Amino acid sequence: MAIWVYRLAALLSPQHVQVRLILGQLHQENQSWNAAETCFHQVLNLEPRHYQATCQLGILANAQQKYAEALPYLSITQAENPPCQGAEQAMYVRHYRDALHNQSLPKDTPRILVLRHPYCQTNFYQIVLDWAKLNCPEILYHFELRILPCETHTWPEVSLHIPWLQDPVQQWSTKAYAKAQAIAEQCRSRNIPIINPVDKLLNATKLAGSCRIAQAGLRTPKMVAITNLSQFKQDLGNLKLPLFIREDWGHGGKITQLDTEDEVSTLTLEGFVRPIAVERVDAQSKDGLYRKYRYIVAGQRGISHHLMITPNWITRGEDRLFTEETRAEELAYIQAPDPNHSRFQAALEKLELDFVAFDYGYDKNGDVIVWEANPFPFIHFSGPDGLLLYRQTAIHRTLAAMLALYLERAGLAVPEPIRVLLSEDPSTIQSELDQLQRP
């Protein structure tokens, strides 16, 4: 509908630059490449030095894998004091850097097709590429970096597809989901493996994920979707207090505690889209603190990623305790194999995914209870305060595990530095760790 509105506006105001620019962007979004190119050239005919139209022509060529053609247009982003700022300018620069990288890829070499969105979490896993550039740069020549919308003409060279898109994609963009799914279907038709396919990410949402993880023999909190608030207030979905309400899709977000009948009676679902009620399991340790373990499973490998200890049952980073005791306890966890590895392998299989971070704890009986599965976990080194520097080993090993998974699934050799890092006993590789660089 929007395209027809702007087409009409362009007919009524043929000299209106902004109308033709937006019309070109709409055509580009629909992958009508020729129509988009015509619109952007019309803008340049009206205003020869128009910055956005020039950049859009570069993006257009980039989307069609015409990297040499894209670079002259996108090189304008390297000029000082660009006329636009913020997310738009960052997107233009991103396209320029990707085109520069992709143009350098050797021909007839197996490629790992990485797909990202132009605005949503585009740089979320840039840390993976930056780490590889510093520690094993030779593998980067296998990574082709693409931004939606795009099309691929080099399928014979593609040996693996990785959509780096926030889960679940349908939550934030049905258009992005449809475009990513179309690329996934092309991969499947060519028997190209996919890491965490976008149509499988819903398997890891809280309600669906808990059911699948439970099928693997691991305990998960009881939970139920709230579809009728009045009915829920009457029967609590057959759960018992205390409970909490949270979103089914996504991570973090709002949590509403329900400890009493009065709190239930005044409950509103304002701010929730897909609310679920979740059993509050008592996982308080004997010392009165709460512990949340994160174990990252990448294919057949697993990395003890972190242990977060807090005074509150909602264990989030801002409440993490930093003492000599908590540091020593976390170090002991991340420097040893997780005793539950085989159980999380079974859970990964039930989720039908390839890469997942499992957040878990222990109940009063000492049994594992899995809080949630996250197929798009945040990975970062310690910030400027340096409080988490002692965790660098776990971050290096997590990034190494991700890259090893990618390379193996693509049928490529895993470099020696990565293989050494993935030793089961991190304490035996300290000299190798000391040689690593962090982004």
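The values are calculated or read from the model by the stated rules, or taken from the named source; none is laboratory data. Here the structure is a predicted model, which means the values were calculated and not measured. So basically every Cβ, Gly included, is an ideal-geometry build from the backbone, and we count neighbours across all protein chains shown.
Among the residues of the stretch 105-134, the ones that are more than 22 Å from the chain's Cα centre (by Cα) and surrounded by 21 or more Cβ atoms within 10 Å (Cβ to Cβ) come to 0 in all.
Total residues in the stretch 330-356 satisfying the condition of being in contact (Cβ under 8 Å) with a residue 24 or more places away in the chain, in a helix (DSSP H, G or I) and more than 25 Å from residue 205 (Cα to Cα): the figure is 4. For the stretch 423-439, what are the residues that are farther than 22 Å from residue 137 by Cβ and not in a loop (DSSP other than H, G, I, E, B)? Passing the criteria: 426, 427, 428, 430. Would you check if residue 309 is in the same structural domain as residue 422 (by TED's automatic domain parsing), within 30 Å of residue 195 (Cα to Cα) and among the aliphatic types (A, V, I, L, M)? Spelling it out, it is not the case that residue 309 is in the same structural domain as residue 422 (by TED's automatic domain parsing), within 30 Å of residue 195 (Cα to Cα) and among the aliphatic types (A, V, I, L, M). Residue count for the stretch 150-178 satisfying the condition of being closer than 23 Å to residue 128 by Cβ and either acidic (Asp, Glu) or in contact with a Cys (Cβ under 8 Å, 6 or more places away or on another chain) (or both): 9. Selection over the stretch 180-203 of residues that are over 15 Å from residue 157 (Cα atoms) and exposed (fewer than 15 other Cβ atoms within 10 Å of the Cβ) gives a count of 2.
Just so you know, in the stretch 294-318 the residues that are surrounded by 14 or more Cβ atoms within 10 Å (Cβ to Cβ) and charged (D, E, K, R) include one that is farthest from residue 361 (Cα to Cα), and it is 301.
Residue 102 meets all of the listed conditions (1) buried (at least 16 other Cβ atoms within 10 Å of the Cβ); (2) at pLDDT below 95; (3) under 26 Å from residue 176 (Cα atoms) but one, namely (2).
How about the stretch 216-252: which of its residues are of a type outside the set (A, V, I, L, M, F, W, C), surrounded by 13 or more Cβ atoms within 10 Å (Cβ to Cβ) and either at pLDDT 95 or above or not assigned by TED's automatic domain parsing to the domain that holds residue 267 (or both)? If you could, list the steps in order and put the result at the bottom.
Step one: of the stretch 216-252, the residues of a type outside the set (A, V, I, L, M, F, W, C) are 217, 219-222, 227-228, 230-231, 233-235, 237-238, 240, 242, 246-248, 250-252.
When the remaining residues are screened for being surrounded by 13 or more Cβ atoms within 10 Å (Cβ to Cβ), the result is 219-222, 233, 237, 242, 246-248, 250-251.
Hits for the stretch 216-252 are 219, 220, 221, 222, 233, 237, 242, 246, 247, 248.
The residues on offer are 378, 358, 344, and the sole one that is surrounded by 16 or more Cβ atoms within 10 Å (Cβ to Cβ) and either β-branched (Val, Ile, Thr) or within 19 Å of the chain's Cα centre (by Cα) (or both) is 358. The set of residues from the stretch 60-110 being on the phi > 0 side of the Ramachandran plot and in contact with a His (Cβ under 6 Å, 6 or more places away or on another chain) comprises just one member, 65.
Consider residue 121 carefully, then state whether it is of a type in the set (S, T, N, Q) and at pLDDT below 95. Yes, satisfied. Within the stretch 25-72, being surrounded by fewer than 17 Cβ atoms within 10 Å (Cβ to Cβ) and β-branched (Val, Ile, Thr) holds for one residue alone: 38.
Residue under question is residue 379, and the condition is that it be in contact with a helix residue (DSSP H, G or I) (Cβ under 7 Å, 6 or more places away or on another chain) and within 28 Å of residue 314 (Cα to Cα); does it hold? Explain how you work it out, then say what you get.
Details: in contact with a helix residue (DSSP H, G or I) (Cβ under 7 Å, 6 or more places away or on another chain): yes; within 28 Å of residue 314 (Cα to Cα): yes.
Yes: the conditions hold for residue 379.
Figure legend. Inter-residue proximity from the stretch 200-221: first residues over 23 Å from residue 177 (Cα atoms), second residues assigned to a helix (DSSP H, G or I) and among the basic types (Lys, Arg), beta-carbon distance below 7 Å, spacing 6+ or different chains. Indicated pairs: 213/350; 215/350; 216/343; 216/350; 217/343; 218/343.
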